[in-house]
Amino acid sequence: MTNAIPMDVIIGVDTHKDVHAAAAISGAGVHLATTTIPASSKGYGALEAWAKSMGAIQAFGIEGTGSYGAGLSRFLRERGHTVVEVNRPNRQLRYQHGKSDAVDAESAARAVLAGQAAGQPKSGTGTVEMIRHLKIARDTAVKARTQAMQTLKAIIVCSPDALREQLDQVSGKMTLLRRLAALRPGPLTSTLASAKTSLRAIARRWLLLDAEIKQHDAHLEI
């Protein structure tokens, strides 16, 4: 008596923030089953076990390996599985069956089977990913710093005449920012005091953001 040869299967995964949908198809393109798992280490293990129960795993086709599917992609690759990045659902399959996570998961599997998806997912563990993390933090800080400066200029324009004229005489951006950061508003009983309070707070925010950006730049230059 001979042992049955396990059937080749391809698993497609439609990823979301909290839950992933998966579909299994055979190497001949026959739909086998679908399932859903939580987007967690426990869920990833459950998906692997479910996939193995279908047959010999040929590959996992995963949407969003650089975002919601990053954790699952790393988990599977660390366990020796072939992971293929799938960019977008098959529109014809959507048209025939409607929009659903299960349909998108099956579409991902069929894209791998047809050779339409062959992208290599980012590892998410190397230098490139480290740079991406730091750059995200830097870019958001730069955006916030720019917004803070624009806000300062708008408040100065609308400030009481005495304060505006005094600040107009200050030359140099950093000199102005330090001057604003050192303002003493006193009791909030006038628009002069409220303007000084606002300017001081935003100037201090700008200086903190500037220091943060310089720190990110130093890390990125290493």
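The values are calculated or read from the model by the stated rules, or taken from the named source; none is laboratory data. What you see is a predicted model, and the numbers here were worked out from it, not measured in a lab. Positions of Cβ are generated from backbone atoms using ideal geometry, with glycine treated the same way; all protein chains shown enter the neighbour counts.
Would you point out which residue out of GLN120, GLN150, GLN169 is over 30 Å from ASN87 (Cβ atoms), modelled with pLDDT under 95 and exposed (fewer than 15 other Cβ atoms within 10 Å of the Cβ)?
Only one candidate qualifies: GLN169.
Test ALA59 against the criterion of being buried (at least 22 other Cβ atoms within 10 Å of the Cβ), not assigned by TED's automatic domain parsing to the domain that holds HIS133 and not in a helix (DSSP H, G or I), and give yes or no. If you could, list the steps in order and put the result at the bottom.
On the way: buried (at least 22 other Cβ atoms within 10 Å of the Cβ): no; not assigned by TED's automatic domain parsing to the domain that holds HIS133: yes; not in a helix (DSSP H, G or I): yes.
Here the answer is no, as ALA59 does not meet what is asked.
Specify which of the listed residues (ALA181, ALA193, ALA201, ALA211) is under 30 Å from ILE131 (Cα atoms) and in the same structural domain as MET149 (by TED's automatic domain parsing). Step through it out loud before you land on a result.
Working: ALA181 fails: under 30 Å from ILE131 (Cα atoms); ALA193 fails: under 30 Å from ILE131 (Cα atoms); ALA201 fails: under 30 Å from ILE131 (Cα atoms).
After applying the criteria, what remains is ALA211.
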